[in-house]
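Working notes, structure below.
Each value in this text was obtained by applying a stated rule to the coordinates, not by laboratory testing. Not measured: the values here are computed from a predicted model. FYI the Cβ positions are ideal-geometry reconstructions off the backbone, even for glycines, and counts take in every protein chain you see.
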Amino acid sequence: MNPYAPPASSDPSPCRGRKARINVGIDIGTSKVCVAVGEIKPNGTLTIMGVAMVPSHGLDSGVIVDTAQAGECLHAALNAAEEESDVMIKKVHLAIKSASMTGSNHSAGIDLPVKRNRITDRDRKTVDESARALLIPDQNSFIHHLLQTYRIDGMDYPSDPLGLECRRLDALYHIVHGASEPIRNAIKCTTQLAVEVEDVAFSPLAAAHAALDKDAKKKGALLIDLGAGTTDYVMYRDGVVHQSGLLVAGGHQISNDISMACGISFAEAERLKIDAGSALSGKYQIKNAVDAMTNPLIESGKVEKRKLNNIIHARMRETLERLKQKLDAKPRLTDLRAGIFLTGGGSLLPGIDQLTEEIFGIPAHLARGPAIFGFAEKYQDPRYASALGLLRWSQC
């Protein structure tokens, strides 16, 4: 049995147990480590007790490359989260990602015997096991087996088909897998701090549990998590995961472009991007928006704001267009009636929703409002999405 794979499901089912319990989610990202602590009440209500975020080191594109550095950052984030929540953290759920992570759909079915046309428990287990038996590279491990739907005589049937009459039964799954070594390194980095990893989740799937409600998933939605090292995504149709994956492209790539083009350090470029940058090209102005703060490089004339925004715009456009090409052509993106939801630090760039909407041709939303997250305002930073989503992921 794969130690990384959670139970097969398309979404959390009714909550287990009757006692209040503490859940902890950790997102170890390229630029930050985020730890969220929440209490699950017996009625399923989630109360956020504390969130801590510290800069991360020792990671490249979401993968730990220096265990010692990453461990120090994780230790600092855990300590800060314990102090804020007044909870001693012993068990956690971990968000993971790597360049090798991929999601794909797989199906399998059986014809029922001529003399029997009612689905038995054995029939259901047989199609489940066959649909989950995707061949993957030897160096990879399964992360998720997510049930999409059953199909009875060619008709989708999302509920348990046990006992129904049919001639053919199929099961459709969305399966996520990736290289085993980065997963083991992330778990090892955590357990070395005397913290048990209860479960792992592909980062964008965790973020979706914070940013998308059931209605959005049912209508059809694409979540794009714009991180420092990667751009992660998950698409829901009819309430289940239809596609997921990532691109090795993110905010650090933008800062590197600025550094090279403007002849400044990476740290200066990063600050410049955050202080004065926009995802819209220099010929556009953002309506009803002004810079939250100024930057000496802009004020001194060393870097022209038009040039800065053209650099950011070019890289963001390239990344989003690559993502659009990566998505399946059918069903159409215009069938996603809930639109696109943006999370991660990159969603803080002014104009990113306008650019996304222009490229994909459907409405794009900044996923950090109370109606989406359902958390107190202080916890609505889009960089918290994966860590907070892990609390909901593990809730049931």
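Overview of results
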| quantity | calculated |
| --- | --- |
| Contour excess over end-to-end distance, with Cα ends at A179 and E39 and 0.36 nm allotted per residue | 47.2 nm |
| Of A208, I264, T191, farthest towards positive along the dipole that unit charges on Lys, Arg, Asp, Glu beta carbons give segment 124-278 | A208 |
| Proximal aspartates and glutamates relative to K188, as straight alpha-carbon distance under 15 Å, when same-chain residues fewer than 8 apart are discounted | D27, D66, E72, E196, E198, D199 |
| Contour minus Cα-Cα distance for K90 and H57 (0.36 nm per residue) | 9.6 nm |
| Sequence of Y173, Y379 once ranked by neighbouring C-beta atoms within 10 Å, starting from the fewest | Y379, Y173 |
| Residues whose placed amide H lies under 5 Å from that of R168, excluding near-sequence neighbours | L112, D153 |
| Rounded FRET efficiency, nearest 0.05, which uses the C-beta distance separating V65 from L134 and R0 of 30 Å | 0.55 |
| For segment 299-361 and segment 237-252, distance of Cα centres in Å | 14 |
| Overall dimensions of segment 102-176 as given by Cα atoms, namely Rg and Dmax in Å | 13.1, 44 |
| Footprinting exposure proxy for E268, E357, E321 (fewest neighbouring C-beta atoms within 10 Å first) | E321, E357, E268 |
| Neighbour-count ranking [beta-carbon atoms within 10 angstrom, fewest first] of F266, F341 | F266, F341 |
| 5 angstrom amide H check on H365, placed H, neighbours 5+ away | I340, F341, L342 |
| Assigned charges on the beta-carbon of Lys, Arg, Asp, Glu; the chain dipole about Cα centre (debye) | 920 |
| Distance between modelled label sites at S265 and V114, nm, 7 Å Cα→Cβ extension | 8.1 |
| Fully extended contour minus Cα-Cα distance, from Q354 to D335, at 0.36 nm per residue | 4.9 nm |
